[in-house]
Amino acid sequence: MGKHHDKDFKIYAARLVLEEGRKPRELAEELNISIPTLRNWINIYKETNEVGSAESSNGFSGLSMKEEKDKIIKDLQEENEILKKAMHICIKQPK
């Protein structure tokens, strides 16, 4: 059975090739992965970052970058509201 690499590792490897100009053959050897595997990660990275939402069983994300940002913003807003309510409760209670 082959090795399983996490999402961050796949993105890191793809970015080394695409953004830093590393040669796929050399990088694959350095990271101890096959060249076709690295090329697959590169293609998935290109699709998810250029097109938006690319669905794949080995994909990096099911959400586009905008959807991910919107979800993070929504989560932070909900957390902020909870903290505000908790602060009011703590202020109103006598010590």
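Out of K74, K10, K95, report the one residue that is at pLDDT 90 or above, out of contact with any Gly (no Cβ under 8 Å at 6 or more places or on another chain) and either open to solvent by 70 Å² or more (accessible area, probe 1.4 Å) or among the hydrophobic types (A, V, I, L, M, F, W, C) (or both).
Exactly one of K74, K10, K95 is at pLDDT 90 or above, out of contact with any Gly (no Cβ under 8 Å at 6 or more places or on another chain) and either open to solvent by 70 Å² or more (accessible area, probe 1.4 Å) or among the hydrophobic types (A, V, I, L, M, F, W, C) (or both), namely K74.
What's the total number of residues in segment 13-42 that are part of a loop (DSSP other than H, G, I, E, B) and either open to solvent by 90 Å² or more (accessible area, probe 1.4 Å) or touching a His at 6+ places or on another chain (Cβ under 6 Å) (or both)?
4
The values are calculated or read from the model by the stated rules, or taken from the named source; none is laboratory data. On a predicted model such as this, the values are computed, not experimentally measured, just so you know. Note: ideal-geometry Cβ built from the backbone for every residue, glycine included; neighbour counts use all protein chains shown. Accessible surface areas use protein heavy atoms only, side chains included; no ligands, DNA or RNA. Shrake-Rupley method; radii C 1.70, N 1.55, O 1.52, S 1.80 Å.
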